[in-house]
Each structure stands twice: as C-alpha cells, then as structure tokens.
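Read through the structure below, which is laid out as structure tokens, and then see the notes.
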Amino acid sequence: MKQFLKLVIISLTAGSILAAVMTIIYRLTGNQAYILLYNMDYIPILQKWEINSILGIAFHFVTCIVSVLLMFYSLSWFHLDPRASFPYIFVYTVGGGILFSLTALTAKPPDLFDLTAWLYWTAGHALFGLTVGGFVKRWVH
C-alpha cells in the first residue's frame, strides 16, 4: 500500500510538472499544445457531454495515475526493473508523440500537422517520463 501511494504521489507530481511546463510554453509562445492535456472530445461517450475545465484537469491527473501504475506494475510483471528510468522516459516520450494524433479527432487545437505543437507535446512527455523515472528510482523500493 505504501508503494502504491508513493506511485500516486509521483504521478500527481509529474502530471503537475507536465501541466505547468505546457502552460508556460503556451504563455511564452502562444502554442496551444497544452489543450490536448485536458481535451476529452475524442472519447465517444464524453464527447456528448458539456465538459468543464475541472473535469478536464481531473481527466489529466487520472490518466497520469493510471499510466504510472500500469507502467510500474507491467515492468515488474515482465521481470524488468521498475526502478530503471529509461523505460519511463522511452514509453512516455514515444507514447506521448503517438497520442498527439488524438488531436485529429477533435476540432480543438492543436492541429494534427502542427509540428511545433507535436515537439512541445513530445518534449513535455519526455520530461514527464524523466520525472516519473527519477522519482521511482529514488523513492520507491
């Protein structure tokens, strides 16, 4: 249970850093890649609801928690070291880059072919992976 709670705290911390970095990028550049963090338009059931920003933020953090828990326990299940940083950095960077394509399923920005937004998005997810991997390595035993 202690390990589980540490992973949840790591998820929330890394998710907060990702959200902050994406917001800073938006404020400095005007690039709207951060919108995809909170957008749920591509989920058919939720697409019909009038979603407010609180639900979008909750969606972001639930996604962070679930992804970190799945990643940690999947590594353990496959007898890989769940405390190694590289798998987190790799999976979140590549996965984030691929997930950017979800923007094609919504009218909200960013545009699917906005290379700059994709680079910011992917770099943000690399930072998320680096943060998760670093905290797991130092804090979870």
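The values are calculated or read from the model by the stated rules, or taken from the named source; none is laboratory data. From a predicted model like this one, the values you see are computed outputs, not experimental measurements. Here Cβ is always computed from backbone atoms with ideal geometry, including for glycine, and neighbour counts include all displayed protein chains.
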The condition from (1) farther than 14 Å from Leu37 by Cα; (2) modelled with pLDDT of 95 or more; (3) exposed (fewer than 15 other Cβ atoms within 10 Å of the Cβ) that Ala107 misses is numbered (2)
When (1) within 16 Å of the chain's Cα centre (by Cα); (2) not in a helix (DSSP H, G or I) are applied to Thr122, the one that fails is (2)
Just give me the residues in segment 44-69 being at pLDDT below 90 and either under 19 Å from the mean Cα position of the chain (by Cα) or aliphatic (A, V, I, L, M) (or both), in sequence order.
-> Ile45, Leu46, Ile51, Ser53, Ile54, Leu55, Gly56
Could you tell me which of the residues Ala84, Ala33, Ala20 is farther than 30 Å from Arg138 by Cα, modelled with pLDDT of 95 or more and among the aliphatic types (A, V, I, L, M)?
-> Ala33
With criteria (1) closer than 30 Å to Gly30 by Cβ; (2) without any contact (Cβ under 8 Å) to a residue 24 or more places away in the chain; (3) in a loop (DSSP other than H, G, I, E, B), Lys108 comes up short on (2)
Six or more apart or on different chains, Cβ under 6 Å: which pairs go from a residue in segment 118-140 that's closer than 26 Å to Lys2 by Cα to one that's among the basic types (Lys, Arg)? Could you list them?
-> Val136/Arg83; Lys137/Arg83; Trp139/Lys6; Val140/Lys6
